[in-house]
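Working notes for the structure below.
The values are calculated or read from the model by the stated rules, or taken from the named source; none is laboratory data. No experiment lies behind these values; they were computed from the predicted model shown. We place every Cβ from the backbone using ideal geometry, glycine too, and count neighbours over all the protein chains shown.
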Amino acid sequence: MLSKYDVTIGLEVHVELATKSKIFCGCSTAFGAKPNTHTCPVCIGMPGSLPVLNKKVLEYAMAVGLATNCDITRFSKFDRKNYFYPDNPQNYQISQLYMPICRNGFVEINTCAGNKKIGIHEIHMEEDAGKLIHDEITGNSYVDYNRSGVPLIEIVTEPDMSSEVEVVTFLEKLRLIIQYLEASDCKLNEGSMRVDVNLSVKKRGETELGTRTEMKNLNSFKAITRAIENEALRQIKLLEKGEKIQLETRRWDDVKGESYSMRSKEDARDYRYFPEPDIMPIVISNEWINDIKYKQPELRDEKMQRYIREYSIPKYDADIITSIKHMTVIFEKAVELGGNPKKVSNYLMGETMRLLKERNMEAEDISFSPVNLVKLIKLVDEGVINGTTAKEVFEKIFNEDIEPIEYVEKNNLKMQSDESWLQTVIEQVIAANNQSVCDYKNGKERALGFLIGQIMKETKGKANPAVVKKLLLENL
Amino acid sequence: MKKRISNETIEYIGILSKLELDETEKEQAVSDIEMMLDFFDKMSELDTEDVAPMSHPMANNNVFREDVVTNGDMREDMLKNAPMVLDGMFGVPKTFG
Amino acid sequence: MDNILELSAVGLSERIKAGDIKVIDAVNAVIEHIENVDDTFNSFITIDKEYARIRAGEVQALIDAGKLDSKLAGVPFAVKDNICTKGIRTTCGSKILNNFVPTYSALAVTLLENAGAIIIGKANMDEFAMGSTSETSAYGAVKNPNNIKMVAGGSSGGSASAVAANECFFALGSDTGGSVRQPASHCGVVGMKPTYSTVSRYGLIAFASSLDQIGPLCKNVTDMAAVMEVISVYDEKDSTSVKRDSNYLKHLNKDIKGLKIGVPKEYFQKGLDGEVKACIQNAINKLEDMGAVVEEFELGLMEYTVPAYYTISSAEASSNLARYDGIKYGHRTDKYEDLHDLYKKTRSEGFGEEVKRRIMVGSFVLSEGYYDEYYIKALKIRTLIKERFDKAFEKYDVIIGPVTPTTAPSLDASLISPMKMYLSDIYTVPANLVGIPAMSVPCGQDSKGMPVGLQIMANNFREDKIFSIAFALEQSGGDGNA
C-alpha cells in the first residue's frame, strides 16, 4: 500500500533569535523569569503603545538568509496577521507576508540517497506569542506574556522533502548553520526551535500534489520522525477508503503517538494580512549586506579546515567535533587553556560522545568546564594517574564538573610506581595464581595479561602499568 | 445594488470580528454593510491598473532601536487593569494547546 | 476674577508669570465653571479636580522659583479621552474601556505637563473617534455651546466644546479624517491637524494608524502656535515620528503678500451650504485684499476620497480594535461559556453600533477575496490623490476651502443616516489620506449664529504657511458673517 504513494513534505521552522531584548520593545528575552515580569505596554498590547523594530533581529535574519543562499529583499515590510487567541495580546501578530526579508534560498543535504537541495521559499521576521498555562483545578487557563514579542524568524521551505530521514537531515543541517551564526541556540525541547510539518501524499506518478495538513507540537527529532510516519499513513488509509483529506492544522500527541485536528468553527484561517502601519519599511543596501557577511562568525567548513591546519587533528576528528556547535566551544576553550588538541579531541569524540548517548543527552546539555578536562589530561601526561583512573575521573567531571587535582588527591587515586610496595603485591598474586604462572611458562602469553589484571585489581587500578609489567617479568 | 452579504457571510464576519449579533442586529448589519460596499464600489470606476498602493503617508524608512534591555519588572502595572488575575497571570476560559 | 476664563492660554500664562493670577485660582475658576455648565454641554467624561489642584501647587512653586517660564505655564487644558493619561481613566468614549486607567501618559500629554500646563479632565468624544457628531459616545452626546440643540461636531467634540465654552484654555484632540478641524469649525475655535509624524502617536489610542494624528484645539492662532511648539517633538517610541523644524510662533506675521493660494473648484460645488460658501468667499476676499494671489483650480478625484478613506480607516480599525477582548483590561462580560463566547459577548456589549459597523466592514474588506477589490483599490486611489496634491503644491503655497458643507447639524439628525454623515467628511479626509497639515480657523457665522471655519492646507511640514495665513486672517478682525 505504502509503495503506491509519494509523500511530499515542506516545513515551517520557527527559530527564537538570541537577542537580549524583544523585537519591538526593551523587555528582556531571558528564559524562565516569573510570569509577566518581562512585559511592558508594547508586548502586552496596551492601548496607545507602539512597536519599534530591534535592529539586531533584522541582522540575524539577514545572516541566516545569507548562510542559506537566499536573496535579501532590498525593500522589505511588516504586515499584520489578524486572529484572536489569548496568547496574542493585540489579537494580531506583527509578521511579514508580502515582502519577507529573505527569499529563494536553499540548503544542501546529504543522505544515503545522495546530495539534494532543499529550497527555502522565504525567511520572515515576526513576534512570538505568550504562553498559556492550563489549570485543571480552576478549569481556567492563564496567560504569561513574557515570551510575547520575543523575536522569531520563520523559515519556510519548499515542499522538497519526501521522507522523515530527509526532514531530520535538513533540520540538523539548518540548526547547525543557525547555531554557528550564533543567531539562536535552537533547542527543540525548550521551544527556541519549533517545527511545523506540512505533509501531503499522492499516488505515485500523479503530478498534482494532494491536500496537505499542518502538524504542530513537535518537540524533538524523534517526535518529528514519528509524526511524519503516522500522518503519511493516516492520509494514505483515508485515500484508500476513498475519503478526502481535510486542509487543517493537527496537533501531535507524542505520548499517545497520534495527532488530532485543531479545527473549530471559530477558526476562520482568514488572517486578513495588511501592511503594518506602525512600522516603517526596511531598505537594505549592498554595504549593509557586505557588512553582515564580513561580521559573520566562522562557519563549520572554515572551522573544520582550521582545526586540521592549526591543531593538526585528523579530518575525522575535526568532522565529528564541528558537527556539534557546543562541542567546538569546549574544544577551543580547552585547547586555548593549553590542552593538547588531539588528546582533547579524543576525550570529546570518545568518552563524551559515549556518555551523551548512554544518558540520552543533547550536546548542548554538556556542562563541564573545559579547564577541568585540561587538568585531567595534564594529570595523565605527568604520570600522576593512569588511564584507567582517568576514565573514572572524567565521568565525575562530566557528571558534576569536579576539580580533578583535588579529587585525585582526596580519593587517593594517584598512580603507584613504588617498586618495593608493588613487589609485595606481585609476590602475593604469583602465590595465589600458580596455574597461570605455569601456563605462562608453558608459552601461553595470555596468562601474563591475566596476572597483570589481577595486580591492577589488588592495587585498585592505581598501579603504574609499565612498572607492574617490568617487575612481573623479573619475578617470573 | 448587488446583494453580496448572505447569511453565511454575516456569520463569517461575526467570527472574524468576534461580534455576536441577534437576528435584528444581523439584518441591520447586512443592510449597513451592503450600503457601505455600494458606496465603496464607486472606486471601481477608476482605472488604477499601474498605480502603486500607498499604505502610509510617510516615506521614511529604517527606523530601529538598538538591542538593549531598557525595561524592568512592570508586572504590577501591567496587571492593574486586568479583569481576572491569578499568580501574576491573566485569567481566561480554558483553552487547548 | 470673572475674566480669567475669557483669557487666551498664552494670555493667562503671562498674567500668572507676572504674578497677577495664581495658578490655583485659574484651576478653581475652570473647575467651578465646569461644575456650572458641563451638565449642559457634556464636554467631559472624567474630571480630576484633585490632581489638577495638586499640579497647580507644583507648577506655582516652579514658577515662583523661576524654574518655569513656558508660554503655557499654569494653563488648564483638556485631553481627548482617547489619549492616555497616567492614573486618569481613559475610556475612548466607550463602555469597553469604562474602567481603564493607563499606567503611562502619551508623550504629547507629558510634554504639556512638563511645560507647566495642567490637565483638568478628559474630553468627551465619539466612541473610538468614529463619528462626526460626538453623539456615539457611551457617556452621552456633547452639545454645541453656541446652541445646545446642535451637535458639537466630532469626533473631538468634547475638546472643541470645552474650549468654546471656556471650560479650559485649550485642548488636545485627534484627527483621523477631520476629527479636530470639523468640531473646531462647528464650535468656532481654532483646530489643527499637524503633518502626519509631527506629534508622537505614542499614547494615542489607535483608530486608523496611518491616518491618526494628535492635534490641538485653541481659542486663537497664537495659542495654537504655542501648543504646537510644545508637542511637536520627535519620539523614538513612535517609528513614524520624525525630527523637524517646530518653530511656529515666529511665523505669526500679517504679511502674506504674494502668497499663492489655490482654491479647489470642487470644494464649492453641490452639497455646500450657501451661507457657509458666503463666509468662505468673504475670507478669500480678505486674503486677496491683503495681497495674497488667489486662484481657482481643479483638484479632482473628490468623489473617490470618502470611499477610499472609509475603506482604509475601517480596515485599520478592525485590526486596532481587536485587542479589546476582556482579558488584559477593560470590560469583560459576566457570563460566558468558553473563550470565543467571552470574546463575542464582551465585544458585543462593550462596543456601540457605529464601532461595530466599522469593525465588520473593515474585517470584510480585508478578508479573502475582497482585499484587492476594496482595500488595495483604496490604497491605489490614495496614491492618485497624493499625486493631485503634490501637483497642486507645485503651484500653490496653500489650498483653502470650507471645512464642512454645513454648520453644525441638530442633535439626533445625523445618526439616522450614517452615509450622509460620512459624506460630510469630504473636505477634511484628503489631508489625512495624504498626511498634510490642515487647520480650521473661524471665519464667520451663519444667520442662526452658528460658526463657520475656513480650512487651510499646506504641503507636508509647511505649517509655517498655514500659520501665516491663519494669523493674518485672525488679525484682520471682525468675523465676516453671512
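In region A:259-284, what residues are among the small types (Gly, Ala, Ser) and either in contact with a Cys (Cβ under 9 Å, 6 or more places away or on another chain) or within 13 Å of chain C (Cβ to nearest Cβ) (or both)?
Matches in region A:259-284: A:264, A:268.
Please work out which one of (1) out of contact with any helix residue (DSSP H, G or I) (no Cβ under 7 Å at 6 or more places or on another chain); (2) at pLDDT 95 or above; (3) surrounded by 14 or more Cβ atoms within 10 Å (Cβ to Cβ); (4) assigned to a helix (DSSP H, G or I) is the condition residue A:305 fails and give its number.
The single condition residue A:305 does not satisfy is (2).
Among the residues of region C:413-425, is there at least one that is among the small types (Gly, Ala, Ser) and surrounded by fewer than 17 Cβ atoms within 10 Å (Cβ to Cβ)?
Looking through region C:413-425, at least one residue is among the small types (Gly, Ala, Ser) and surrounded by fewer than 17 Cβ atoms within 10 Å (Cβ to Cβ).
Looking only at region A:45-56, decide whether some residue is more than 8 Å from every other protein chain (Cβ to nearest Cβ) and assigned to a loop (DSSP other than H, G, I, E, B).
No, because not a single residue in region A:45-56 is more than 8 Å from every other protein chain (Cβ to nearest Cβ) and assigned to a loop (DSSP other than H, G, I, E, B).
From the residues in region C:159-211 that are more than 23 Å from residue C:443 (Cβ to Cβ) and of a type in the set (D, E, K, R), which one is farthest from the other protein chains (Cβ to nearest Cβ)?
The selected residue is C:167.
Every residue, every condition in (1) buried (at least 19 other Cβ atoms within 10 Å of the Cβ); (2) part of a helix (DSSP H, G or I); (3) touching a residue at least 24 places away in the same chain (Cβ under 8 Å), yes or no:
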position: A:301; (1), (2), (3): no, yes, no
position: A:321; (1), (2), (3): yes, yes, yes
position: A:326; (1), (2), (3): no, yes, yes
position: A:329; (1), (2), (3): no, yes, no
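Kindly indicate whether residue A:23 is within 12 Å of chain B (Cβ to nearest Cβ) and β-branched (Val, Ile, Thr).
Yes.
Among the listed residues C:238, C:245, C:255, C:212, which satisfies the condition of being buried (at least 24 other Cβ atoms within 10 Å of the Cβ), of a type in the set (D, E, K, R) and assigned to a loop (DSSP other than H, G, I, E, B)?
C:212
Would you point out which residue out of A:256, A:241 is more than 10 Å from every other protein chain (Cβ to nearest Cβ), of a type in the set (Lys, Arg), over 34 Å from the mean Cα position of the chain (by Cα) and at negative phi?
A:241
For region A:413-428, give me each residue that is within 13 Å of residue A:451 (Cβ to Cβ) and of a type in the set (Val, Ile, Thr).
Correct list: A:425, A:426.
Can you give me the number of residues within region A:222-259 that are part of a helix (DSSP H, G or I), out of contact with any Leu (no Cβ under 7 Å at 6 or more places or on another chain) and over 25 Å from residue A:270 (Cβ atoms)?
12
Cβ-Cβ distance below 7 Å, separation of 6 or more or different chains: which pairs start in region A:251-271 with a residue that is under 23 Å from residue A:225 (Cα atoms) and end on one that is among the aliphatic types (A, V, I, L, M)?
A:251/A:262; A:252/A:215; A:252/A:218; A:252/A:223; A:252/A:227; A:254/A:223; A:259/A:215; A:259/A:227
List the pairs whose first member sits in region A:155-181 and is more than 19 Å from residue A:64 (Cα to Cα), whose second member is among the hydroxyl-bearing types (Ser, Thr, Tyr) and modelled with pLDDT of 95 or more, and whose Cβ atoms are under 6 Å apart, counting only residues at least 6 apart or on separate chains?
Hits for this filter: A:159/A:8; A:164/A:225.
If you go through region C:451-465 one residue at a time, do you hit one that is surrounded by fewer than 20 Cβ atoms within 10 Å (Cβ to Cβ) and either assigned to a helix (DSSP H, G or I) or more than 14 Å from every other protein chain (Cβ to nearest Cβ) (or both)?
yes
Inside region C:5-32, can you point out the residues that are under 17 Å from residue C:164 (Cβ atoms) and touching an Asp or Glu at 6+ places or on another chain (Cβ under 6 Å)?
C:8, C:9
Within region A:250-281, how many residues are hydroxyl-bearing (Ser, Thr, Tyr) and either farther than 22 Å from residue A:197 by Cα or surrounded by fewer than 17 Cβ atoms within 10 Å (Cβ to Cβ) (or both)?
Selection size over region A:250-281: 4.
What residue, among those in region B:60-97 that are within 27 Å of the chain's Cα centre (by Cα), more than 7 Å from chain A (Cβ to nearest Cβ) and outside any loop (DSSP other than H, G, I, E, B), is farthest from residue A:263 (Cα to Cα)?
Filtering first and then ranking leaves B:77.
Which helices (runs of 4 or more DSSP H) sit wholly inside region A:370-476 and have at least 3 residues that are exposed (fewer than 14 other Cβ atoms within 10 Å of the Cβ)?
A:387-400, A:404-410, A:419-432, A:434-441, A:446-458, A:465-475
Can you tell me which residues in region C:67-116 are surrounded by fewer than 24 Cβ atoms within 10 Å (Cβ to Cβ) and among the small types (Gly, Ala, Ser)?
C:70, C:73, C:87, C:105, C:115
Say whether the condition of being hydrophobic (A, V, I, L, M, F, W, C) and on the phi > 0 side of the Ramachandran plot is met by at least one residue in region C:329-348.
no
Name every residue in region A:282-297 that is of a type outside the set (A, V, I, L, M, F, W, C) and surrounded by 15 or more Cβ atoms within 10 Å (Cβ to Cβ), in order of residue number.
Within region A:282-297, A:296 is the sole residue that qualifies.
Of all residues being within 14 Å of chain C (Cβ to nearest Cβ) and under 32 Å from the mean Cα position of the chain (by Cα) in region A:28-44, which is farthest from residue C:319 (Cα to Cα)? Just the residue, please.
Per the stated criteria, the residue is A:35.
Select from region A:67-102 the residues that are touching a helix residue (DSSP H, G or I) at 6+ places or on another chain (Cβ under 6 Å) and among the aliphatic types (A, V, I, L, M) and write down the one among them that is farthest from the other protein chains (Cβ to nearest Cβ).
If we take residues in region A:67-102 being touching a helix residue (DSSP H, G or I) at 6+ places or on another chain (Cβ under 6 Å) and among the aliphatic types (A, V, I, L, M), then A:67 is farthest from the other protein chains (Cβ to nearest Cβ).
Which members of region A:173-221 meet the condition of being more than 29 Å from residue A:63 (Cβ to Cβ) and either among the β-branched types (Val, Ile, Thr) or not in a loop (DSSP other than H, G, I, E, B) (or both)?
Result: A:199, A:200, A:201, A:202, A:203, A:207, A:211, A:213.
For the condition under 27 Å from the mean Cα position of the chain (by Cα) and farther than 30 Å from residue A:222 by Cβ, what is the one hit in A:371, A:380?
A:371
What are the residue pairs meeting all of these: first residue in region A:234-247, first residue over 14 Å from residue A:259 (Cα atoms), second residue loosely packed, with under 11 Cβ neighbours inside 10 Å, Cβ atoms under 8 Å, and 6 or more apart or on different chains?
Hits for this filter: A:236/A:1; A:236/A:2; A:238/A:244; A:240/A:1.
Mind checking which residues of region A:132-150 are closer than 17 Å to residue A:33 by Cβ and among the polar types (S, T, N, Q)?
Answer for region A:132-150, where residues must be closer than 17 Å to residue A:33 by Cβ and among the polar types (S, T, N, Q): A:146, A:148.
Is one or more of the residues making up region C:202-218 touching a Pro at 6+ places or on another chain (Cβ under 8 Å) and at positive phi?
Yes: one or more hits.
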